[in-house]
Amino acid sequence: MIENAQIQRRLIKRIMLMVLLVLVIVGCRRRDVRLRADAITDRASMAVLEASDVTTIISDSGVVRYRIKAQTWKVFDKADTPHWEFPDGIYLEKFNENLEADASIESDYAFYNEPAQRWMLRGNVHAMNLEGEQFDTPLLFWDQKSESIYSDSSIIITREASIIQGVGFRSNQELTQYTILRPTGVFPIKE
């Protein structure tokens, strides 16, 4: 009789454990399905890649050409417009054949539209061209397809012997051939 009671208790414990296990599994499956469904519906606004403290080198035929530094880099490949975002800013250097930085650009925020191949740099945009001229503007666009840089915002260009100020400019992507749309500053002209 005592032996039967012990067997019954063990059987009841096993049945209760199995029922509990089934409930846990069913509960996990429902929650898991809900989480997966939420992730799928929210995929367009979710970054496929998010990296911190990024430094990357871009080379051409084994020769280092550019270095990009960013505090945060997010890649959104499933968004309506696939893009990269640099919410904490970006710094880009161009190197010459002697691996010396000869041009650079930086900003507080950057956005790259992949299909259009267009960059938007915003907030304290500072660029230095190959000739050592400094460009300062709050907003700058770089269209890689047309190989042009432009802005409709204020611009200050600091050159060796002068400072040019204006609103809006258009330039080649090297920032060596540019036009100020509405000049506002006074600058010396060599005779």
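The values are calculated or read from the model by the stated rules, or taken from the named source; none is laboratory data. All values derive from a computational prediction rather than experimental measurement. As a convention, Cβ positions derive from the backbone with ideal geometry for all residues, glycine included, and neighbour counts pool all protein chains shown. Just the protein is used for accessible areas: all its heavy atoms, side chains included, with ligands, DNA and RNA removed. Shrake-Rupley method; radii C 1.70, N 1.55, O 1.52, S 1.80 Å.
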Could you give each residue of segment 147-154 its phi-based ³J(HN,Hα) in whole Hz, using Karplus coefficients 6.51, -1.76, 1.60 with θ = phi - 60°, and x for Gly or Pro?
6, 10, 10, 7, 7, 9, 8, 5
Cα Rg, Dmax, segment 49-119, angstrom units
13.1, 41
Each label sits 7 Å from Cα toward the beta-carbon; between ILE68 and ALA161 the label points are separated, in nm, by 3.9 nm
For segment 120-130, Karplus-derived ³J(HN,Hα) couplings (6.51, -1.76, 1.60; θ = phi - 60°; whole Hz; x for glycine and proline) come out as 10, 10, 9, x, 6, 7, 10, 10, 10, 8, 5
Out of the total accessible area of segment 60-191 (probe 1.4 Å, heavy atoms of protein only), what percent is carbon and sulfur?
48 percent
Cα-Cα pairs in segment 105-191 separated by more than 18 Å, as a whole percent of all pairs, come to 40 percent
A correct Kirkwood calculation over the Cα atoms of segment 34-152 returns a hydrodynamic radius in Å of 15.6 Å
With every protein chain kept in place and a 1.4 Å probe, segment 96-191 has an accessible area per residue in Å² of 59 Å²
